[in-house]
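The values are calculated or read from the model by the stated rules, or taken from the named source; none is laboratory data. Computed from a predicted structure; not experimentally measured. Neighbour counts run over all protein chains shown; Cβ positions are idealised from the backbone, glycine included. Just so you know, the surface numbers come from the protein's heavy atoms only, side chains and all, with ligands and any DNA or RNA stripped out. Shrake-Rupley method; radii C 1.70, N 1.55, O 1.52, S 1.80 Å.
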Amino acid sequence: MSNILIEGVTKIYADKARGREVTALTEVSLEVRRNDFVCLLGPSGCGKSTLLNMIAGFEKPTTGRIVVDGIEVSGPGADRGVVFQQANLMPWLPVWENVAFHLKMRGAMKAVRREQAQIYIDLVGLTGFENHYPSELSGGMNQRVGIARALLMNPGVILMDEPFGALDEQTRMDMQTELLRIWERSQGTIVFVTHGIDEALTLGDRVVVMSARPGRIAEVLPIDLPRPRDITSPHFNDVKRHILSLLRSAPAEPAAA
Amino acid sequence: MRKMLSFRPERFVVPVLILVGWELFSRSGALPPALLPAPSTVVVAWADWVFGIDGNTQNYTGHWIGDAASSAWRVAAGFALAALVGIMLGVAIGWSRFVEVTIEPTLQMLRPIPPVSWIPLAIIWFGIADKPAIFLVFLGAFFPVLLNTIHGVKTVDRNLIRAGAMAGADQRRLLRHIVLPAAMPSIFAGLRIAIGSAWMLTVTAEMVAVKSGVGYVLWDSYYFLRYDIVIAAMASIGLLGYLSDLGIRLVMARVLHWQRGTTLQGEG
């Protein structure tokens, strides 16, 4: 059974300042199976984040519909955990309170929240930082808190919007390894937005290549390479070459953009 | 907090210079001593007003605590009321477009009316006692709290709201657990402006509409040409105002402790 079903989704924004409409996505259809790791890959402006935001329920499709676990998405909810590009932690809460924020919203007792938080803090490797505040941690550590917060909700779907985009190369690769380790242990469906070809190929069971103006799906590539993947292998390079040609055949972005 | 309470000798340079200069000027005889009493004279009057040492302040002798307490009570009551209503209305206006459109224009029209111009109505509505003073304090403290709360709520990072909604927060919990804490720095800025207004209006009200408090003593001793008591009363207001602001800053340092190290204010 498919976990996420996207049917003929088009998103048009009204650009009020210029009195015109901007088509961010046009006629996107996609099916994501349970426990699938899907990467949405494309240049900026291809609508990949818009698509993710619509699955999360932050935005609504102009036409078409999105169904998660048989229920049409009408707004954000704890059944879909989101990891944002910037961690978006509550700066006034210590790490453990941020991780257990979902439980606080459900009215759980402090002892229960603290205990549950510890499990996920340990899982993402932040043991010892429970009482730190987000401002005291590095970008990578904050991103781990964001991941722990999403995992604690035990959602069927985790949506990640370029979560490692702001990190340096070394930290990014560590986080990718870590994410795969966590995903293999806890399972669940992941939709991961990225503009990095290597990142998409390192992580995804399937890579959805998107092109811009208007945003649409160019091709869905199954990646049947075993993990951990060797990003220098010939097969990896073949796939990479194919993706590059897909991205190049898409109309180039205007230089001014 | 440690920074606020630490001993820094350079703090006292300017006040000491002013007091010494003033003392010398008063004793030089350039002005009749009754018109500008020297600090030493003021201290004697103040000491008698507080402790009742030689009765030089006549019927005020030893009454300072009572006078200060009645002024402080009016400030506290009006300020608390203004903080409560200002924060609640501010959150509602900042959060809901409907509430904003319905209520805000009216409030913005009332805002330019100086609180002191309400004194006649305050007296005929509430008589001559605590109530008109509390009412005026409320009017003066309400708008700074309201405007800063609205600003704080409107500038909450949309992504934090999204994160909260993603974690399963409903409207009420979003307001309580995200919007309100995120608006706190701005709310405290409003509270600090408000406490200043509160003292200003208490003293004004006591000069006109109340028969007790530090402001009343100030005005009453002016009638009796006791400018030393006038200045002692002014200094008392300054001291009480400073202490109440210090109190707010201590609470603020506790509530906003998470800002330490992320802002200029939180440094050190």
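What to note about this one:
- Among the conditions (1) out of contact with any Pro (no Cβ under 8 Å at 6 or more places or on another chain); (2) at the interface with chain B (Cβ under 10 Å from one of its Cβ atoms); (3) surrounded by 18 or more Cβ atoms within 10 Å (Cβ to Cβ); (4) not basic (Lys, Arg), the only one that A:Gly45 does not satisfy is (2).
- Condition check for A:Gln187: on the phi > 0 side of the Ramachandran plot and either surrounded by fewer than 16 Cβ atoms within 10 Å (Cβ to Cβ) or free of Cβ contacts under 8 Å to residues at least 24 places away in the same chain (or both): yes
- Selection from the range A:92-109 of residues that are under 16 Å from A:Val82 (Cα atoms) and more than 7 Å from chain B (Cβ to nearest Cβ): A:Asn98, A:Val99, A:Ala100, A:Leu103
- Selection status of B:Asp245, among the acidic types (Asp, Glu) and over 30 Å from B:Ile119 (Cα atoms): no
- Subset of the range A:56-78 that is in a loop (DSSP other than H, G, I, E, B) and more than 9 Å from chain B (Cβ to nearest Cβ) - its residue that is nearest to the chain's Cα centre (by Cα): A:Glu59
- Restricting attention to the range B:149-160, the residues that are more than 33 Å from the chain's Cα centre (by Cα) and open to solvent by less than 50 Å² (accessible area, probe 1.4 Å) add up to 0.
- Test: residue in the range B:184-201 that is more than 17 Å from the chain's Cα centre (by Cα), within 14 Å of chain A (Cβ to nearest Cβ) and buried (at least 23 other Cβ atoms within 10 Å of the Cβ): no
- Taken over the range A:24-52, the residue count meeting the criterion of being out of contact with any Ser or Thr (no Cβ under 7 Å at 6 or more places or on another chain) and more than 27 Å from A:Arg181 (Cβ to Cβ) is 7.
- B:Trp95 vs. criteria surrounded by fewer than 18 Cβ atoms within 10 Å (Cβ to Cβ) and more than 14 Å from every other protein chain (Cβ to nearest Cβ): no
- Residue in the range B:204-213 that is more than 18 Å from B:Ala82 (Cβ to Cβ), out of contact with any Pro (no Cβ under 7 Å at 6 or more places or on another chain), touching a residue at least 24 places away in the same chain (Cβ under 8 Å) and within 14 Å of another protein chain (Cβ to nearest Cβ) present: no
- Residue identified as within 20 Å of B:Asn148 (Cβ to Cβ) and not aromatic (Phe, Trp, Tyr) among B:Ser221, B:Ser212, B:Ser197: B:Ser197
- Any hit, the range B:98-117, residues being among the β-branched types (Val, Ile, Thr) and within 14 Å of another protein chain (Cβ to nearest Cβ): no
- In the range A:3-14, the residues that are over 18 Å from the mean Cα position of the chain (by Cα) and open to solvent by 30 Å² or more (accessible area, probe 1.4 Å): A:Glu7, A:Ile12, A:Tyr13, A:Ala14
- If you go through the range B:18-56 and keep only what is among the small types (Gly, Ala, Ser) and in a loop (DSSP other than H, G, I, E, B), you end up with B:Ser28, B:Gly29, B:Ala30, B:Ala34, B:Ala38, B:Gly52, B:Gly55.
- Of everything listed in (1) in a helix (DSSP H, G or I); (2) out of contact with any Pro (no Cβ under 8 Å at 6 or more places or on another chain); (3) within 13 Å of chain B (Cβ to nearest Cβ), the single unmet condition for A:Gln86 is (1).
- Some residue of the range A:61-81 being on the phi > 0 side of the Ramachandran plot, open to solvent by 50 Å² or more (accessible area, probe 1.4 Å) and touching a strand residue (DSSP E or B) at 6+ places or on another chain (Cβ under 8 Å): yes
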